[in-house]
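This report concerns only the one structure given below.
The values are calculated or read from the model by the stated rules, or taken from the named source; none is laboratory data. Nothing here was measured: the structure is a model prediction, and the numbers come from that model. Quick reminder, even Gly has a Cβ in these numbers, built from the backbone with ideal geometry, and neighbours come from all protein chains shown. These area figures cover heavy atoms from the full protein model, side chains too; ligands, DNA and RNA do not enter into them. Shrake-Rupley method; radii C 1.70, N 1.55, O 1.52, S 1.80 Å.
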Amino acid sequence: MDKEEAIFCLKQAYAASSSDDNDDDNADSVTSTGTSPAKEEELLHLKPPPQGSGASMALAAIKSNPDVITKHDVYNVKVVDHVTNKVVSYNPTFAEMHVPEQGPANPFKTRQQLAQKNTLSGYVQEAHVSHFNFETQRRTFHSYGFAVDPSIEPGSKQEKLVVCQTDFDHDPDEKKEEEIKPKNSVPNGTKTVFEKIEKRPEDKRKRVRKNDPEDIEGFMGPWGGFVNEVKVAKPSEEMQKELDEITAKRQKKGKVDEEKTIEEKSTLHVPDPTDYQGRTYLHIPQDVGINLKSDVPPDKCYLPKRLIHTWSGHTKAVSSIRLFPKSGHLLLSTSMDCKVKLWEVYHKRRLLRTFSGHAKAVRDACFNADGTQFLTAAYDRFVKLWDTETGKCLSKFSSRKIPYCVKFNPDLDKQHLFVAGLSDKKILTWDIRSGETVQEYDRHLGAVNTITFIDNNTKFVSTSDDKSLRVWEWDIPVDYKYIADPSMHSMPAVTLAPNGKWLGCQSLDNRIVIFDVQTRFRLKRKKIFKGHMVAGYACQLDFSPDMSYIASGDGDGKVFIWDWKTTKLYSKFQAHDSVCIGCTWHPHETSKLITCGWDGQIKLWD
């Protein structure tokens, strides 16, 4: 059978089946085999094919896929959950949207949970009130203390007011809603803030008006006084008493502590201030096995490993330590016990002299070039000049502000000048001979913490609480270099390297940053020393004399020592029980390190 004959047979079979379906008479007819035509057609594929060459076979349509119940046919109507579903991903019918909930109710839900909600806190129903009417009644209520009840239609006899009780002194048991009363009982009647009200009587004082500019002598303009005004220069007795009380309070609050000065004195703790040749303790010793007068640093420095001496004499925390210039055979320490002490570094390491003259804690000290004098800065707002040998206070200086740091000008021809960083953002230069300020540097935005001279003492660097670093030329009150970056932190301790090329700054983000001060004064981003914790403390740092190491104190009382070239941490050890605030390397020794802490002790390590 070719293709055309098969198609013709299919058409005849389709026509025969359609005619049998439409014929009502043939619906109940039965074939000769005893089955209906529909059944016979369904079983046609089970019969053997006809025999013979001329026989033609009619092909029947066969259903290959069975009838499967889909998920949507299980439930005739899909239920839309209004509580949990916020988004519907298909288009539901009306019956699906409003089908009632079926199943048992949750017996554990409260009445508040069972209530219908359209917000998280409850049900909100919009009221058709215009924005203008709402604002009118709201402002009227806040201004006059009453408003029209919005639940009652305006113009009706039941119109009521909502009245604020605090304005009319009602009893707490009375209702807040009252019927409209005459105009005199409610302020301004029932008029709102947008309606004109009766003007209050003219109670303002009248001014004398002489606005004619041609009248040169009598012209007053807007500066004319009031009519019948009496100008009294002397206050009355009652007013004078009030003024006296206010003045007394202000004087008591603004009392300056400058008046609380104490007598400057010093105490010598050794039996004889001179030796057998008549030399004082300022004389540099020559029998210590090392040349203390040499200008050449040691060839090689080593890490300190053990404690060899402890100086104990301060009753409170030690704030700073300073070695004697060039030789380092004497040690000056300042403390929170308002005293300054001078110690021996060699021989018996005795306490030589105590200087007392500050009323509050001493913050900083500085020797002059030859060490015969030194300055101290304290929280009593005074900077005092002392004689190192006799212990006498030579002079005192004050600007009514707290000096945070003080430095002599290192030049030999400028030893009569010194600079001090103050708490009022200024740096002042004083002349010791006259006792007056000769220069003022006012560019910082916070208290000045450190001052360091660089570039052969022609410039100095200052750091401040404003997280910036400024470079000044001597005697020029304008900074020529300003370094500030959003990533920078305040740097309350700064030390110049022995070779004068590098500036080490203790940053409060627990790092030591290095600045190149020889060429362009820029930050060396790869020279960063970290590992210690100094956030909140002005821990002093120092370089070894041969520039091999850099040492710093720590907020936990430890001492950290890094390698200068590789920035690798070489050593750390517990030095003090409290904060190790000071750390200085002896300029002529290979491994001697002096530290001080808030435990009141000064220690020598070797």
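Only one entry of Asn457, Asn449 meets the criterion of being surrounded by fewer than 18 Cβ atoms within 10 Å (Cβ to Cβ) and touching a residue at least 12 places away in the same chain (Cβ under 8 Å), and that entry is Asn457. Between Lys401, Lys467, Lys414, the distinction of being crowded, with 18+ Cβ neighbours inside 10 Å, of a type outside the set (Gly, Ala, Ser) and modelled with pLDDT under 95 belongs to Lys467 only.
For segment 303-315, the set of residues classified as closer than 25 Å to Lys348 by Cβ and assigned to a loop (DSSP other than H, G, I, E, B) consists of Pro304, Lys305, Arg306, Gly313, His314, Thr315, listed by residue number.
Across segment 561-584, the qualifying residues are those that are in contact with an Asp or Glu (Cβ under 8 Å, 6 or more places away or on another chain) and either in a loop (DSSP other than H, G, I, E, B) or open to solvent by less than 10 Å² (accessible area, probe 1.4 Å) (or both), and the one among them that is nearest to Ile321 (Cα to Cα) is Cys583.
Taken over segment 358-388, the criterion of being hydrophobic (A, V, I, L, M, F, W, C) and open to solvent by 10 Å² or more (accessible area, probe 1.4 Å) is satisfied by Ala359, Ala361, Cys366, Phe367, Ala369, Phe382.
The number of residues in segment 99-127 that are assigned to a loop (DSSP other than H, G, I, E, B), exposed (fewer than 10 other Cβ atoms within 10 Å of the Cβ) and not acidic (Asp, Glu) comes to 18.
Kindly evaluate Val208 against the criterion of being at pLDDT 80 or above and either open to solvent by less than 90 Å² (accessible area, probe 1.4 Å) or farther than 18 Å from Ser143 by Cα (or both).
Numbers: at pLDDT 80 or above: yes; either open to solvent by less than 90 Å² (accessible area, probe 1.4 Å) or farther than 18 Å from Ser143 by Cα (or both): yes.
Here the answer is yes, as Val208 does meet what is asked.
Consider segment 330-357 and keep the residues that are outside any strand (DSSP E or B) and surrounded by 22 or more Cβ atoms within 10 Å (Cβ to Cβ). The one that is farthest from the chain's Cα centre (by Cα) is Val345.
Does any residue of segment 460-478 turn out to be in contact (Cβ under 8 Å) with a residue 12 or more places away in the chain, closer than 23 Å to Ala365 by Cβ, touching a Gly at 6+ places or on another chain (Cβ under 9 Å) and of a type in the set (A, V, I, L, M, F, W, C)? No, that holds for no residue.
Yes/no per residue for (1) closer than 21 Å to Lys603 by Cβ; (2) of a type outside the set (A, V, I, L, M); (3) at pLDDT 90 or above; (4) open to solvent by 70 Å² or more (accessible area, probe 1.4 Å):
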| residue | (1), (2), (3), (4) |
| --- | --- |
| Gly254 | no, yes, no, no |
| Glu259 | no, yes, no, yes |
| Thr267 | no, yes, yes, no |
| Ile308 | yes, no, yes, no |
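Here Asn449 does not qualify as in a loop (DSSP other than H, G, I, E, B), of a type in the set (S, T, N, Q) and in contact with an Asp or Glu (Cβ under 9 Å, 6 or more places away or on another chain).
When Lys326 is tested against (1) assigned to a strand (DSSP E or B); (2) out of contact with any Asp or Glu (no Cβ under 6 Å at 6 or more places or on another chain), only condition (1) is not met.
Gly289 satisfies every condition listed in (1) in contact (Cβ under 8 Å) with a residue 40 or more places away in the chain; (2) open to solvent by 50 Å² or more (accessible area, probe 1.4 Å); (3) of a type in the set (Gly, Ala, Ser) except (1). Residues that are exposed (fewer than 10 other Cβ atoms within 10 Å of the Cβ) and not in a helix (DSSP H, G or I) were ranked within segment 219-252; the one that is modelled with the lowest pLDDT is Val232.
One line per residue, one yes/no per condition, for (1) among the polar types (S, T, N, Q); (2) without any contact (Cβ under 8 Å) to a residue 40 or more places away in the chain:
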{"site": "Ile308", "(1), (2)": "no, no"}
{"site": "Ser312", "(1), (2)": "yes, no"}
{"site": "Thr315", "(1), (2)": "yes, no"}
{"site": "Gly328", "(1), (2)": "no, no"}
{"site": "His358", "(1), (2)": "no, no"}
{"site": "Val362", "(1), (2)": "no, no"}
{"site": "Gln373", "(1), (2)": "yes, yes"}
{"site": "Thr376", "(1), (2)": "yes, no"}
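Looking across segment 417-441, the residues that are among the aliphatic types (A, V, I, L, M) and open to solvent by less than 60 Å² (accessible area, probe 1.4 Å) come down to Leu417, Val419, Ala420, Leu422, Ile427, Leu428, Ile432.
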